[in-house]
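Read the structure below first, then the notes.
The values are calculated or read from the model by the stated rules, or taken from the named source; none is laboratory data. Worth saying up front: this structure is predicted, and the values here are computed from it rather than measured. Please note: Cβ atoms are built from the backbone with ideal geometry, for glycine as well, and neighbour counts cover all protein chains shown. Surface accessibility is based on the protein's heavy atoms, side chains included, excluding ligands, DNA and RNA. Shrake-Rupley method; radii C 1.70, N 1.55, O 1.52, S 1.80 Å.
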Amino acid sequence: MTVKLIPYLVMDGNAKEAIQFYQNALDAQVLFSQSFGEMPENPEFPLPAEAKDRVSHATIKIGESELMLSDTFPGQPHQSGNQVTICISTNDAEKSRRFFNALEDGGQVGMPLQETFFSPAYGSVTDKFGVNFQIFTEGQHQ
């Protein structure tokens, strides 16, 4: 038996945009993506026209890890928050810089990418979707 812990981001109508952003920023690969309009219809829960293009479920792969995303169904409450942080770990400081700079675009830096006592390049950034990322570079100080 295998067990995985997969972060799941619930977006508010911008999951497609987030997927494209992570494809560019983090070299993500789309493993699966389905919109609400592609799901079988349920007469008890009619689908509003504005929901057809929203993502009902998607899985992307970043390096060796997976990240799942979906949009809320219209009318469901949604609140962005800082209860989830995604830590991207690599042993390549240049790749860490590239990821950090890409995520910073339209976002906000919590801690600039810098050498610390525990990492040659570490920083934190909240991307333009309100998702908190830690960029951690493994290895010795230079």
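Near GLN76, once Lys and Arg are set to +1 and Asp and Glu to -1 for all other residues with Cβ below 12 Å from its Cβ, the sum equals -1. With the simple spin-label model, which puts each label point 7 Å out from Cα in the Cβ direction, the SER80 to GLN34 separation comes to 2.8 nm. Any chance you could give the angle, 0 to 90 degrees and rounded to 10, that helix 93-104 forms with the longest Cα principal axis of the chain? Once rounded, the angle reads 40 degrees. Counting every alpha-carbon pair across region 23-141, the share separated by more than 21 Å comes to 49%. Taking only DSSP H segments of four or more residues, each worth -39500 (n - 2.57), what value at 222 nm results for the chain once the sum is divided by all its residues, to the nearest 500 deg cm²/dmol? Taken over the chain, the calculation gives -5000 deg cm²/dmol.
Taking the DSSP beta bridges with both ends in the chain, the antiparallel portion is around 65 percent. The angle between the Cα long axis of helix 15-26 and the longest principal axis of the Cα atoms of the chain comes to about 20 degrees, rounded to the nearest 10. In percent, rounded to a whole number, the relative contact order of the chain is 21, using alpha-carbon pairs under 8 Å and six or more apart.
Region 80-142 and region 1-23 have their alpha-carbon centroids 18 Å apart. The residues of region 1-122 expose, per residue, 65 Å² of accessible area to a 1.4 Å probe.
Ranking VAL109, GLN20, ALA121 by how far each Cα lies toward the positive end of the dipole of the chain (charges on Cβ) leaves ALA121 at the top.
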